[in-house]
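Undergrad: Take this structure, written in structure tokens, and hold onto it; I'll ask about it next.
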Amino acid sequence: MRRPTLALLLALGALAPARAQQGDAPDTAAAPDTATAGAPAALSDEQAAQEEKLYLEALRSLSEGRPDEATTKLGRLLEKNALHAGAWLDLAISHCELGNKAEAERLFGQIVQRFHPSDAILELIAHYRTSGCKGQRAHPRSMSFKLGAGYDTNVNQGSSSSVVQIGGAGNLKTYDLGPDSLPRADHFKLLSGDFNQPLGSRGMLLIAQLRALRYNQVKSQDTDSVLLGLESPWSGAGWTGRATAAYGLVRLGEELYQRQAQVLLRAVPPVDLGESLGWSLSAGYSSAIYPTRRYYDARTLDLGTSLALRGKQSTVVLSSGLLADRGKQARPGGERGGWYGGANLVALMGEKAIGELGLSRQSWRGERIYSKDFIEIKRHQDTTQLRASLLFPVGTHSAVQLEVRRTFNRENIPLFQYDSRWFQFSWRTDNW
């Protein structure tokens, strides 16, 4: 059972006026306060502020699925203030959720004896006692699947120009591109699955993702991918966030195309922007290995930020970042730097439909000429993508989705320029 933290804070007001039955009870009960319930009036402002901060940190640990960390903080708080009724109750429930039945029962007994709680609190205690304190998952295991079909106007990212010029300065030659280098359209089928499994009580999550894409005719572009990752929450000095490490494989056609490893750190600064705004920072590092094209191997550093604006029926997320890609000495164009930016809108449409609009832009600049005697210019790549989707829930766990994408890849090397239109209709099922 996930504890209703806000409801608990409100209910704890009933505990605050209770007079402790031991000799250290104050003569006059403290005024009810949901943040420092039961604190003696003699506390200095500084000490009370420290205790409130420690209590709020413990509640944050609880809300992020780390009852063991919360237990430590609540224990420290009770060492400072043995009459903090809220800390007593949260500590007892934390031990119950961790499976420490004997300690939870001892604390529940102390709460009943010392604070004479209200009927609502007694009912809550009875619920946890009835559960047997066998331990609770911080997050439930979940699975989701998607089955889709669609159409892509440029499966192979074929060049927008059928004629290109290749050669060194003063020795350019014109070539007509063959059919395999021009855009090829095809229908496709897609099957994907996601699996999330909690590990322990600290909020760590095991992530697995599978994806299979099959084309009707262009079999060389059939794709299979698998990704395994670990994600863990963290906090410190008022900051919160999640750290992720992942490893993935991609097969293209009949051969292994890419091996990729990635670490990503997301952080939320200790800045109060209100309920309608959310701000986060991110830093990531990835390594991509191409077994059949080793000179394309890359190591990429990504530093980004995002801002979320939340309304009653819609959310807008703005994001941007800087990129640095370090490759092998023999890689065409050498090292490169770039940036990205995007805006995404998700809105409730009518009673059930959910609409989404997205715009993203990514830009790369090569460090040196792409290829001596063949393409003697530095590569400049700018890719813009427009995306729109409509999702209609069907029943409790399912939904149907219609999605369209438009991609414009603009480059100063005509051979690599391409456009594509992508349509997909899919059925998805979630929260299994």
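The values are calculated or read from the model by the stated rules, or taken from the named source; none is laboratory data. Note that the structure is predicted; figures quoted are calculated from it, not measured. FYI the Cβ positions are ideal-geometry reconstructions off the backbone, even for glycines, and counts take in every protein chain you see. Quick note on the areas: whole protein, heavy atoms, side chains included, nothing else; ligands and nucleic acids left out. Shrake-Rupley method; radii C 1.70, N 1.55, O 1.52, S 1.80 Å.
Undergrad: Roughly to the nearest percent, how much of the accessible area of the range 254-378 is carbon and sulfur, given a 1.4 Å probe?
TA: The nonpolar share, carbon plus sulfur, comes to 58 percent.
Undergrad: A further question on this structure: I'd like the Karplus ³J(HN,Hα) series for the range 81-98: coefficients 6.51, -1.76, 1.60, θ = phi - 60°, whole numbers in Hz, and an x wherever there's a Gly or Pro.
TA: Using θ = phi - 60°, the values come out as 9, 5, 9, 7, 4, x, 5, 4, 5, 5, 5, 4, 5, 4, 4, 5, 5, 7 Hz.
Undergrad: Please sort 90-103, 400-413 by packing, taking for each peptide the average over its residues of neighbouring beta carbons within 10 angstrom, highest first.
TA: Highest-to-lowest ranking by the protection proxy: 90-103, 400-413.
Undergrad: Go through the range 317-324 residue by residue and turn each phi into a ³J(HN,Hα) via Karplus (6.51, -1.76, 1.60, θ = phi - 60°); whole Hz please, and just put x for glycine and proline.
TA: Once θ is set to phi - 60°, the couplings for the range 317-324 become 10, 10, 9, 7, x, 10, 10, 9 Hz.
Undergrad: Over the Cα atoms of the range 93-245, what is the Rg over Rh ratio if Rh follows Kirkwood?
TA: Rg divided by Rh gives 1.34.
Undergrad: Given +1 on the Cβ of Lys and Arg, -1 on the Cβ of Asp and Glu, and no further charges, what dipole in debye does the range 284-432 carry about its Cα centre, rounded to the nearest 20?
TA: Roughly 240 debye, rounded to the nearest 20.
Undergrad: Next up: Once you sort the root eigenvalues of the Cα gyration tensor of the range 325-404 as a ≥ b ≥ c, which label holds: rounded (a/c under 1.5), prolate (a/b larger than b/c) or oblate (the other case)?
TA: Prolate shape, in that a/c is at least 1.5 and a/b is the bigger ratio.
Undergrad: Another one. Where does the charge balance sit around THR244 when Lys and Arg score +1, Asp and Glu -1, over other residues with C-beta under 11 Å from its C-beta?
TA: +1
Undergrad: Step through the residues of the range 173-190 one at a time and calculate ³J(HN,Hα) from phi using the Karplus curve (6.51 cos²θ - 1.76 cosθ + 1.60, θ = phi - 60°), rounding each to whole Hz and writing x for Gly and Pro.
TA: 10, 9, 10, 8, 6, x, x, 5, 9, 9, x, 10, 9, 6, 8, 9, 10, 9
Undergrad: Which of the three applies to the range 287-330, rounded, prolate or oblate, going by the alpha-carbon gyration tensor with a ≥ b ≥ c and a/c under 1.5 meaning rounded?
TA: prolate
Undergrad: Could you give the accessible area per residue of the range 288-337, probe 1.4 Å, as a whole number in Å²?
TA: 58 Å²
Undergrad: Can you list the chymotrypsin sites (Phe, Trp or Tyr not before Pro) in the range 332-401 that are in a DSSP coil and have 15 or fewer other beta carbons within 10 angstrom?
TA: Passing sites in the range 332-401 are PHE374.
Undergrad: Using heavy-atom solvent-accessible surface (probe 1.4 Å) with all chains present, what is the largest-first order of GLU57, GLU275, GLU255?
TA: GLU275, GLU255, GLU57
Undergrad: With all protein chains present and a 1.4 Å probe, how do TRP88, TRP279 order by accessible area, largest first?
TA: The ranking, largest first, comes out as TRP279, TRP88.
Undergrad: Return an integer: the convex hull volume of the alpha-carbon atoms of the range 290-432, in Å³ per residue.
TA: Per-residue hull volume (Cα only) is 152 Å³.
Undergrad: Largest first, what is the accessible-area ranking of THR396, THR240 with a 1.4 Å probe?
TA: I get THR396, THR240, largest accessible area first.
Undergrad: Here is a follow-up. May I ask you to list the trypsin sites (Lys or Arg not before Pro) in the range 259-309 that are in a DSSP loop and have at most 11 other Cβ atoms within 10 Å of their Cβ?
TA: Passing both the DSSP loop test and the Cβ count: ARG293.
Undergrad: Under a straight-distance cross-link criterion of Cα-Cα below 28 Å, which lysines are reachable from LYS372, leaving out those fewer than 8 residues away in the same chain?
TA: Straight-line reach from LYS372, under 28 Å: LYS173, LYS328.
Undergrad: Quick check on the range 167-266: take the gyration tensor over C-alpha atoms, sort the square-rooted eigenvalues as a ≥ b ≥ c, and tell me if it's rounded (a/c under 1.5), prolate or oblate.
TA: oblate
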